[in-house]
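Q: The structure that follows is given in the form of structure tokens.
The values are calculated or read from the model by the stated rules, or taken from the named source; none is laboratory data. Treat the numbers as computed from the prediction; the structure is a model and nothing was measured. Cβ placement follows ideal geometry from the backbone for every residue including glycine, while neighbour counts extend to all protein chains displayed.
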Amino acid sequence: MRIGVRRTGGFAGIERYAEVDTSERPDAGEWHALVEEAVAAGRGTPPVGVPDGFSYQITVDGETVYCADPRLTEAQSRLISQVLKEGA
Amino acid sequence: MVASSDSHVTQCHIAAMKATHPVFCTIVPPHVLDKLAQADDPDLAGPARRTLEADAAQRTHRRLTTVLGAPAATVPQGAAAGKPHRTVYDAQHGQRLPGVKVRGEGDEPGRDATVNRAYAGLGATFELLLKGFERDSIDGTGLPLVASVHYGENYGNAFWDGRQMVFGDGDEIFRDFTIPVDVIAHELAHGLTQYTANFTYFGQPGALNESVSDVFGSLVKQYVNDETADRADWLIGAGLLTERVTGVALRSMKAPGTAYDDDVLGKDPQPAKMEDYVRTGRDNGGVHINSGIPNHAFYLLATDLGGRAWERAGQIWYDTLTGGSLEVDASFADFARATVAAARARFGDGEELEALLKAWSLVGVPTG
Ligand SMILES: [Zn+2]
């Protein structure tokens, strides 16, 4: 499973993208559980954001859902920071 | 929130998360990503288009947000008009707002410099609105000012959520977002715009929304430092970038496009003129990019007039923002024309009007 997180907007307006491929990972199941929860609460179109708030696209194997600060679910928040943090 | 019907995720096992290693992670400037998007990812054009299509519906929603989002907080009993009513909360690195109250109006400074900076920044913005423009808080009727600091973990951002300001402590790229007073004032100015012209946060009206925040952000900094237009640095977010980044700030109103040029961040993508307007679906249609154009027009006007920028240039912008003549989806040209009307009403056909027409002409925005 390929999990991509694209973060756009923010005060700086600078984009950030990170991707994790869970195939051949011992902890793939844990990622998949988190992804399922995060994606289930996502939206099919970008939600209305707030001024300078981050917007996120979570793309899992080519399918994309959207969410935005400050209204992330716990799972979305964890998945996003996990994907963006790991390669920083 | 609705469940996605197109998720591929089906079978899952719950277990503790472990450390992981991504295959690819980078920070790329929007203009580079635009090219990448066209080449690699057909999914990326769709969201931008859908955002545009949804924009009309969003406008209605925003109107409602403006009304319904009017803060639950009310002016405390016995509070004097013309005095700020500030409250700073500590989000304690969580994402629940507002967090724990750490400083109220009139409380002595504590040990947390971030809290003190937020409190002082709210006060400075309140003071410029009151003394410079005779406005009692961002709504004109003494609205309490609320800020939350220490939001999230490793959180390199600040935003206005429709009711309050929110500040993160920064990450590997940015320091604490309460450090530059212009950033605090920028966020609060989003509230000012929300209560007045309420520009839709997309495309040109979105870039106007951003520019107004940069203008008032810079004016508050100049007011605090008691600087004249020729001495101001006209930078937004000076002191915000960590030592890892090659740059002086996030944006430059004096020379848009020159604030940073960095291996990781890329180059500051802001244009100064209409001919370089960036068409993109990203960043809500480039609201933080194309704001460079009205930003530069303001800089040209203020430096041409000289003296304290908030007194004449700032007054024209303030009158335009609060005048009630602009639609929420105003274009740059609509805004420019409204500044001309505002300048005429306030100063007549004098040097202010002449400098204003010249400024818009230099950035390529028509006023006729
Ligand atoms: Zn902003």
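Q: Among the residues of region B:117-130, is there at least one that is in contact (Cβ under 8 Å) with a residue 12 or more places away in the chain, assigned to a loop (DSSP other than H, G, I, E, B) and either farther than 19 Å from B:THR178 by Cα or touching an Asp or Glu at 6+ places or on another chain (Cβ under 8 Å) (or both)?
A: Filtering region B:117-130 for residues in contact (Cβ under 8 Å) with a residue 12 or more places away in the chain gives B:117-130.
Within this subset, residues satisfying the condition of being assigned to a loop (DSSP other than H, G, I, E, B) are none.
The answer is no; no qualifying residue exists.
Q: When you check B:ALA330 against the structure, is it more than 18 Å from B:LYS254 (Cβ to Cβ) and surrounded by fewer than 18 Cβ atoms within 10 Å (Cβ to Cβ), yes or no? Break it down into steps so the answer makes sense when it comes.
A: Working: more than 18 Å from B:LYS254 (Cβ to Cβ): yes; surrounded by fewer than 18 Cβ atoms within 10 Å (Cβ to Cβ): no.
No: the conditions fail for B:ALA330.
Q: I've got another one for you. Could you please give the count of residues in region B:177-206 that are out of contact with any helix residue (DSSP H, G or I) (no Cβ under 6 Å at 6 or more places or on another chain), more than 16 Å from B:ASP329 (Cα to Cα) and not small (Gly, Ala, Ser)? Write out each step before concluding.
A: Filtering region B:177-206 down to residues out of contact with any helix residue (DSSP H, G or I) (no Cβ under 6 Å at 6 or more places or on another chain) leaves B:179-180, B:183, B:187, B:191-192, B:195, B:205.
Checking which are more than 16 Å from B:ASP329 (Cα to Cα) leaves us with B:179-180, B:183, B:187, B:191-192.
Narrowing further to those that are not small (Gly, Ala, Ser): B:179-180, B:183, B:187, B:192.
Residues that pass the stated criteria total 5.
Q: Hey, another quick one. Please determine whether any residue of region A:59-67 is under 30 Å from B:ALA259 (Cβ atoms), within 16 Å of the ligand (Cβ to nearest atom) and not charged (D, E, K, R).
A: No, the conditions are met nowhere in region A:59-67.
Q: If you don't mind, another one. With B:GLY306, B:GLY292 as the choices, which residue is at positive phi, in contact (Cβ under 8 Å) with a residue 12 or more places away in the chain and not assigned by TED's automatic domain parsing to the domain that holds B:LEU129? Break it down stepwise before answering.
A: On the way: B:GLY292 fails: at positive phi.
When all the criteria are applied, what remains is B:GLY306.
Q: How many residues, within region B:134-177, are out of contact with any strand residue (DSSP E or B) (no Cβ under 6 Å at 6 or more places or on another chain) and within 10 Å of chain A (Cβ to nearest Cβ)?
A: Adding up the residues that qualify gives 10.
Q: Which residues, counting only those in region A:35-47, are facing another protein chain (nearest Cβ under 7 Å) and either of a type in the set (Lys, Arg) or surrounded by 21 or more Cβ atoms within 10 Å (Cβ to Cβ) (or both)?
A: Across region A:35-47, the qualifying residues are A:VAL35, A:VAL39, A:GLY42, A:ARG43, A:PRO46.
Q: Let me ask something else about it. Taking region A:19-33 as the search range and keeping residues that are among the hydrophobic types (A, V, I, L, M, F, W, C) and at the interface with another protein chain (Cβ under 7 Å from one of its Cβ atoms), which one is surrounded by the most Cβ atoms within 10 Å (Cβ to Cβ)?
A: To start, the set of residues in region A:19-33 that are among the hydrophobic types (A, V, I, L, M, F, W, C) comprises A:20, A:28, A:31, A:33.
So of that shortlist, the ones also at the interface with another protein chain (Cβ under 7 Å from one of its Cβ atoms) come out as A:20, A:33.
Values: A:VAL20: 25, A:ALA33: 18.
In this case the residue turns out to be A:VAL20.
Q: Taking B:ASP262, is it free of Cβ contacts under 8 Å to residues at least 60 places away in the same chain, over 27 Å from B:ARG117 (Cβ atoms) and among the charged types (D, E, K, R)?
A: Values: free of Cβ contacts under 8 Å to residues at least 60 places away in the same chain: yes; over 27 Å from B:ARG117 (Cβ atoms): no; among the charged types (D, E, K, R): yes.
Here the answer is no, as B:ASP262 does not meet what is asked.
Q: Something else now. Looking at region B:269-289 only, could you name the residues that are within 10 Å of another protein chain (Cβ to nearest Cβ), within 16 Å of the ligand (Cβ to nearest atom) and either closer than 12 Å to B:ALA207 by Cβ or part of a loop (DSSP other than H, G, I, E, B) (or both)?
A: B:PRO269, B:GLN270, B:ASP283, B:ASN284, B:GLY286, B:VAL287, B:HIS288, B:ILE289
Q: Still on this structure, I have one more. Is it true that B:PRO294 is under 19 Å from A:PHE11 (Cβ atoms) and away from the ligand (no atom under 15 Å from the Cβ)? Walk me through how you get there before you give the answer.
A: Working: under 19 Å from A:PHE11 (Cβ atoms): yes; away from the ligand (no atom under 15 Å from the Cβ): no.
No, not satisfied.
Q: Evaluate the following for A:GLY10: is it on the phi > 0 side of the Ramachandran plot, buried (at least 18 other Cβ atoms within 10 Å of the Cβ) and within 16 Å of the ligand (Cβ to nearest atom)?
A: Working: on the phi > 0 side of the Ramachandran plot: yes; buried (at least 18 other Cβ atoms within 10 Å of the Cβ): yes; within 16 Å of the ligand (Cβ to nearest atom): yes.
Here the answer is yes, as A:GLY10 does meet what is asked.
Q: Looking at A:GLU37, A:GLU15, A:GLU63, which is the one that is among the charged types (D, E, K, R) and in contact with a Pro (Cβ under 6 Å, 6 or more places away or on another chain)? Before you say what the answer is, go through the steps one by one.
A: Working: A:GLU37 fails: in contact with a Pro (Cβ under 6 Å, 6 or more places away or on another chain); A:GLU63 fails: in contact with a Pro (Cβ under 6 Å, 6 or more places away or on another chain).
After ruling out the rest, the residue left standing is A:GLU15.
Q: Take the conditions under 16 Å from A:VAL83 (Cβ atoms) and within 16 Å of the ligand (Cβ to nearest atom) and apply them to A:SER23. Does it pass?
A: Working: under 16 Å from A:VAL83 (Cβ atoms): yes; within 16 Å of the ligand (Cβ to nearest atom): no.
Against the criterion (under 16 Å from A:VAL83 (Cβ atoms) and within 16 Å of the ligand (Cβ to nearest atom)), A:SER23 does not qualify.
Q: Checking B:GLY206 against (1) more than 16 Å from the ligand (Cβ to nearest atom); (2) touching a Gly at 6+ places or on another chain (Cβ under 7 Å), which single condition isn't satisfied?
A: All conditions pass for B:GLY206, except number (1).
Q: Of the residues B:LEU241, B:LEU250, B:LEU321, B:LEU265, only one is within 16 Å of the ligand (Cβ to nearest atom) and within 10 Å of chain A (Cβ to nearest Cβ); which?
A: On the way: B:LEU241 fails: within 16 Å of the ligand (Cβ to nearest atom); B:LEU321 fails: within 10 Å of chain A (Cβ to nearest Cβ); B:LEU265 fails: within 16 Å of the ligand (Cβ to nearest atom).
Of B:LEU241, B:LEU250, B:LEU321, B:LEU265, the one residue that is within 16 Å of the ligand (Cβ to nearest atom) and within 10 Å of chain A (Cβ to nearest Cβ) is B:LEU250.
Q: Which of the residues belonging to region B:164-181 are of a type in the set (Ser, Thr, Tyr) and either under 11 Å from the mean Cα position of the chain (by Cα) or not in a loop (DSSP other than H, G, I, E, B) (or both)?
A: From region B:164-181, those of a type in the set (Ser, Thr, Tyr) are B:178; that's our starting set.
Within region B:164-181, none qualify.
Q: Assess whether B:GLY152 counts as being under 14 Å from A:ASP69 (Cβ atoms), surrounded by fewer than 24 Cβ atoms within 10 Å (Cβ to Cβ) and in the same structural domain as B:LEU97 (by TED's automatic domain parsing). Steps first, please.
A: Values: under 14 Å from A:ASP69 (Cβ atoms): yes; surrounded by fewer than 24 Cβ atoms within 10 Å (Cβ to Cβ): yes; in the same structural domain as B:LEU97 (by TED's automatic domain parsing): yes.
Considered against the rule, which asks whether it is under 14 Å from A:ASP69 (Cβ atoms), surrounded by fewer than 24 Cβ atoms within 10 Å (Cβ to Cβ) and in the same structural domain as B:LEU97 (by TED's automatic domain parsing), B:GLY152 comes out as yes.
Q: Within region B:182-194, can one find any residue that is away from the ligand (no atom under 13 Å from the Cβ), in a helix (DSSP H, G or I) and not assigned by TED's automatic domain parsing to the domain that holds B:THR125?
A: Let us first name the residues in region B:182-194 that are away from the ligand (no atom under 13 Å from the Cβ), namely none.
Checked against the condition, which is being away from the ligand (no atom under 13 Å from the Cβ), in a helix (DSSP H, G or I) and not assigned by TED's automatic domain parsing to the domain that holds B:THR125, region B:182-194 yields no hits at all.
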